[in-house]
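Since the structure comes first, as structure tokens, the remarks are kept for the end.
The values are calculated or read from the model by the stated rules, or taken from the named source; none is laboratory data. Computed from a predicted model, the values in this text were never measured in an experiment. The accessibility values were calculated without ligands, DNA or RNA, using every heavy atom of the protein model including side chains. Shrake-Rupley method; radii C 1.70, N 1.55, O 1.52, S 1.80 Å.
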Amino acid sequence: MGVMRRVRWVFGIFLSIALFNPCLAENGISMVEKPWPDIGGCQDCICVQFGRLEMRIPLSVAGKVLVTGHGDSILHIFQEKDGKQAVHFLSVSRDRLMGMYESAGLLKGLDIGSNEELFDALGRLPAGNEALAALRRIESIDVADGYIKTSKGAIHSYWIKSSLPGGAQRIYFVMDDDDTVYMLAGDVSKELYEAVLANMRIADIP
């Protein structure tokens, strides 16, 4: 099974759990906005562009970069050259992401028209709104340690920070002028998080 097929399969499992277990407890996590990381210049870095996101990542946190997939490409960033531990960059169109939620009836009454509005809404406590509660369960915010938004110009990142193993921890990137949503998933350390964001910019695809 390909990685993107696994992602869609796991999403389906989460969606089923969220819809058929509406009484699962919320942990009271709401969105916190923090400044964009700035760690100065970047020596001994590699320049990586995934879609329209360009990053300059220190070799200390990126020993190897691998792109796989046919159609839906996936960028793997290995923290060691032996390729044993990696985080993964994936992209999904707004129509696909919103379409999954709309077809499940989870966007009704939430006044969501953009990617940024969707991820901002996920940072609000449900206050009895079952659709919003379900969305937060699907994105594992109900079991997260924190939900952090940071913005730099037209780029906005949303870090679902979690100490749980597996895919619970991930960072979403959205842009004001692009419908594509980018997701960084895996064992994202604070060092890698700051390194990826510090020198990120929007760049046209050559």
With all protein chains present, the range 92-168 has a carbon and sulfur share of its accessible area (1.4 Å probe) in percent of 51 percent
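Strictly over 22 Å apart at the Cα level, which of 34/190; 108/149; 64/149 would you flag in this model?
Details: 34/190 14 Å; 108/149 24 Å; 64/149 28 Å.
Those over the limit are 108/149; 64/149.
Evaluate the range 35-188: find the radius of gyration of its Cα atoms, find its Kirkwood radius, and give the ratio Rg to Rh.
Across the range 35-188, the Cα-based Rg/Rh ratio is 0.97.
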Taking the Cα centroid of the range 103-162 and of the range 182-206, what is the distance between the two, rounded to the nearest whole Å? 20 Å
Descending principal axes extents, the range 135-206, alpha-carbon based, whole Å: 37, 27, 20
